Amino acid sequence: MATLSWEVLRAIFKRPFQTREWIQQCWFFASVTILPTALVAIPFGAVIALQLGSLTAQIGAQSFTGAASALAIVQQASPLITALLVAGAGGSAVCADIGARKIREEIDAMQVLGVNPIQRLIVPRVLAAMVVSVLLNGLVSVVGVLGGYFFNVVLQGGTPGAYLASFNALAQVPDLWVSEIKALLYGFVAGVVAAFRGLNPPPGPKGVGDAVNQAVVITFLLLFLINVVLTAIYLRIVPPKAM
C-alpha cells in the first residue's frame, strides 16, 4: 500500500494527465456524497451542541458553548464525516470498479499495451477523492456550525450573541487550515486504499465484494489513527488563542 501511494504521487506529475477522467470522477464522488454528507452533518452538529450546551450549563460556562461546539465540528467532526462518507460511498465504488477490471484481466491487458494503469485509472480517482473531500469539508463545517447554532439557541435557550462572540474569541485561521489538510489527507488515503484493494482482490467475483468490505474497514481504521496523530501534532505546534 505504501508502494502504491508512492507510485500514485509520482504518476500525478507525469503526462498526459487524464483530465476528462478526473472531472468525471469528481462529479461521481460529489454526486454520491453531497446529500448524505449534509444530512449527517446536521444531527452531528446538533448532538455536539446539545451535549456541550448541557455540560457548560452545569459548570456555569454557557458563554463558551459556541466556541467549544464550533471548534469540535470544524477540527474533528467535519473532516471525519467527510472522509467516512467519501470512503464509504465513493471509495467502495472505486474499489468495486477497479476490482471488476482486475478479474476481467483489463488491467493486465492495459499493461500489455504499454498503458500504465496507475496513471490512467488510479491517479484521477485519488485526485478526485482529495478534491471532493476538501470541498465537502467546507460544506460540513458550515452545515454543522449552523445546526449547532440552531439547536443551542432555539432548543437550549442560548444567547446568539454569546454563541458568536465565544466562537470569534477562541477560533483562529489555523483551525480551518488543519481541518482542510486533514480532509485532503483523508481523501488521499481513502482513494489509495480503495485502489489497492481493487488491484489485489481475492479470486472470483466474490473476491471483489470481499475487497470492497476490506477497503472500507481498513480506511476507517487508518483515518482514526491519522486523526489522532495530526491532532496531537497540531496541538503541539499551534498555540491556543488567548482570550
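Report, by residue number, each residue of segment 210-241 that is over 24 Å from GLN76 (Cα atoms) and free of Cβ contacts under 8 Å to residues at least 24 places away in the same chain.
Keep residues of segment 210-241 that are over 24 Å from GLN76 (Cα atoms), which gives 210-214.
Scanning segment 210-241 gives ASP210, ASN213, GLN214.
Can you pull out the residues in segment 12-29 that are assigned to a helix (DSSP H, G or I) and surrounded by fewer than 17 Cβ atoms within 10 Å (Cβ to Cβ)?
ILE12, THR19, ARG20, GLU21, ILE23, GLN24, TRP27
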Pairs returned, first residue in segment 186-206 that is in a helix (DSSP H, G or I), second residue that is of a type in the set (Ser, Thr, Tyr), beta-carbon separation under 6 angstrom, 6 or more apart or interchain, are TYR186/SER133; GLY187/SER133; ALA190/THR219; VAL192/SER5; VAL193/THR219
Just name the residue that is most open to solvent (accessible area, probe 1.4 Å) out of those in segment 102-128 that are more than 31 Å from the chain's Cα centre (by Cα) and over 14 Å from LEU199 (Cα atoms).
-> LEU113
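The values are calculated or read from the model by the stated rules, or taken from the named source; none is laboratory data. Model, not experiment: these values are computed from the prediction. Quick reminder, even Gly has a Cβ in these numbers, built from the backbone with ideal geometry, and neighbours come from all protein chains shown. Ligands, DNA and RNA are excluded from the accessible area calculation, which covers all protein heavy atoms including side chains. Shrake-Rupley method; radii C 1.70, N 1.55, O 1.52, S 1.80 Å.
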